[in-house]
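The values are calculated or read from the model by the stated rules, or taken from the named source; none is laboratory data. Predicted model only: the values in this text are computed from it and were never measured. A quick note on method: Cβ atoms are made from the backbone with ideal geometry, for glycine too, and the neighbour counts reach across all protein chains shown. These area figures cover heavy atoms from the full protein model, side chains too; ligands, DNA and RNA do not enter into them. Shrake-Rupley method; radii C 1.70, N 1.55, O 1.52, S 1.80 Å.
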Amino acid sequence: MRKSLRWALSLSVLIGTVGSTGVATAADTETDSTAVVDSQSTSTDIKDRLLAIPGMTLIEEKPYAGYRYFVLNYEQPIDHHRPWAGTFQQRISILHKDTSRPTVFRTSGYGLSTTPSRTEPTRIVDGNQVSMEYRFFTPSRPAPADWSKLDIWQAASDQHRIYTALKSVYGKNWLATGGSKGGMTATYYERFYPRDMDGVVAYVAPNDVVNKEDSAYDRFFETVGTKDCRDRLNDMQREALVRREPLEKKYKAWAESEGATFNTVGSLDKAYEAVVLDFVWGFWQYYGQDVCDQIPDAATASDDVVYDTIDAYSGWSAYTDQGLEYYTPYYYQAATELGSPTIKQPHLDGLTRYGYQPASSFVPSSIPMKFKPWVMRDVDDWVRKNANHMLFVYGGNDPWGSEQFHVDKGARDSYVYVAPGMNHGANVAGLVPAERDNATARILDWAGLSTPSLQAARPLARFDARIDAASDEDTTREHGLRP
């Protein structure tokens, strides 16, 4: 059963920390005066308290106005089933505000940016933020790498150990959040450790329950946007395959000039087609109807224009060995547990040679892989029946939202909202007003910062473009078909 929300205490915390401007005050001094002295250290300085945690070491500190920002290593078991059988160093970052504030545990499902940034829930609750680099993304990779130890349970257990270690320092309510694969990660963490967090805010999190059934994606591409926009995109994509021979010559010349190779995917021809097939998906994932008129007319476009247009929305580097290397852990997980989409694209009939290639095509053949179809079914079933204090936010024009998480009658205080017209960057602020206000109120409530009325549910910290800009950890615009 989830921890008590402590209503009276929560309200007193809110009243006591919000000034006349309506914004909670920042603890930007060197010493956190509210900190309780850690049993292993007599210092109240937050850095000393963090470094007193066994297995925690400092990489660097980057002060930021209103915060202190730490990049750290935390020692983790390679295998949480056998914690004695070796460890590795996992990077985390902490955006520290004050130990009297709630804490948001942010995951990207990928690597860790070392530039301070703040998620939407962190701004809403005006709290601390802990971010975790996903295991096997370098440098948080065991050596040698036993890829069988990369699965969603092991990663959730990484997160559980970090939370357990930091809870003695950050004792107020915790929320888990993440966008895209980070939203998936936050959901899996809740599935395996449902007593850790007081709430979960998962953004644009795909839910591929049955890997071989992807008709929802086909329906999405048949109806998204206007017919004129769909036709314009499809025509450009088709033209890139019609002109395959001259455009592949350009691609080959580019690859040779860049030293790009294609050993993992198998050939330049396979990489070329994979990039072209991603074009329409990439457009809707990161752009939208409002820029559709910027897509050139395929019938009159020169070879250079077609080549450059595909590059702008798909990226010719995506399926080179160099472009794939960083994302090997993602493609491995997609090939073993997460699943990956396949779409039909009938407007390309007779022009494709390989179709949508499976995720395993983008992992070096030296790494063993076997798909486990029961893993996503288990998570989906658990969320439907057991979700408690969970919020899922999707974009109405985001292809990844075609297969969503759902909450059924067994769920409690949990919601699935869709932001109309938004893409893979959908957020609470983009919801229709009633849903936006309810979502904000629930986030504040789960954080122990209850508001007296729904109308008062507003973010506690003002927007700051320097730290609230979209982070490359979440809905990154790196090219390639990845959530």
Test: residue in the stretch 388-396 that is under 20 Å from the mean Cα position of the chain (by Cα) and surrounded by fewer than 20 Cβ atoms within 10 Å (Cβ to Cβ): yes
Which numbered condition residue 62 fails, given (1) buried (at least 23 other Cβ atoms within 10 Å of the Cβ); (2) at pLDDT below 95; (3) among the basic types (Lys, Arg): (1)
Any hit, the stretch 255-262, residues being out of contact with any Lys or Arg (no Cβ under 8 Å at 6 or more places or on another chain), on the phi > 0 side of the Ramachandran plot and open to solvent by 40 Å² or more (accessible area, probe 1.4 Å): yes
Check on residue 293, in contact with a His (Cβ under 9 Å, 6 or more places away or on another chain) and either within 30 Å of residue 179 (Cβ to Cβ) or surrounded by fewer than 14 Cβ atoms within 10 Å (Cβ to Cβ) (or both): no
Selected residue [modelled with pLDDT of 85 or more and under 25 Å from residue 326 (Cβ atoms)] from 433, 483: 483
Every residue from the stretch 180-200 that is crowded, with 24+ Cβ neighbours inside 10 Å, in contact with a Lys or Arg (Cβ under 9 Å, 6 or more places away or on another chain) and not hydroxyl-bearing (Ser, Thr, Tyr): 181, 182, 186, 197, 199
Tally, over the stretch 249-306, of residues that are touching a Cys at 6+ places or on another chain (Cβ under 6 Å) and within 17 Å of residue 323 (Cβ to Cβ): 0
Residue check, residue 213 of a type in the set (D, E, K, R), part of a loop (DSSP other than H, G, I, E, B) and surrounded by fewer than 17 Cβ atoms within 10 Å (Cβ to Cβ): yes
Residues of the stretch 159-179 classified as assigned to a helix (DSSP H, G or I), open to solvent by less than 10 Å² (accessible area, probe 1.4 Å) and touching an Asp or Glu at 6+ places or on another chain (Cβ under 9 Å), total: 1
Those residues of the stretch 331-371 which are surrounded by fewer than 16 Cβ atoms within 10 Å (Cβ to Cβ), in contact with an Asp or Glu (Cβ under 7 Å, 6 or more places away or on another chain), of a type outside the set (Ser, Thr, Tyr) and at pLDDT 95 or above, in sequence order: 353
Tabulated pairs, the stretch 295-317, first of a type in the set (Gly, Ala, Ser), second surrounded by fewer than 20 Cβ atoms within 10 Å (Cβ to Cβ) and at pLDDT 95 or above, C-beta under 7 angstrom, 6+ apart or interchain: 298/235; 317/260
Residue in the stretch 432-448 that is nearest to residue 175 (Cα to Cα), counting only those that are open to solvent by less than 10 Å² (accessible area, probe 1.4 Å) and assigned to a loop (DSSP other than H, G, I, E, B): 447
Total residues in the stretch 79-109, condition surrounded by fewer than 24 Cβ atoms within 10 Å (Cβ to Cβ) and in a loop (DSSP other than H, G, I, E, B): 10
Of the criteria (1) over 24 Å from the mean Cα position of the chain (by Cα); (2) of a type in the set (Val, Ile, Thr); (3) in a loop (DSSP other than H, G, I, E, B); (4) under 24 Å from residue 228 (Cβ atoms), which one residue 306 fails: (3)
Count of the stretch 403-431 residues which are part of a helix (DSSP H, G or I) and under 17 Å from residue 182 (Cα atoms): 1
Condition check for residue 360: touching a residue at least 12 places away in the same chain (Cβ under 8 Å), small (Gly, Ala, Ser) and either under 21 Å from residue 275 (Cβ atoms) or not in a helix (DSSP H, G or I) (or both): yes
Residue in the stretch 394-410 that is of a type in the set (Gly, Ala, Ser) and in contact with an Asp or Glu (Cβ under 7 Å, 6 or more places away or on another chain) present: no
Pairs with Cβ under 6 Å, 6+ apart, first in the stretch 196-213 and more than 13 Å from residue 179 (Cβ to Cβ), second modelled with pLDDT of 95 or more and of a type in the set (Gly, Ala, Ser): 197/176; 208/339; 211/339
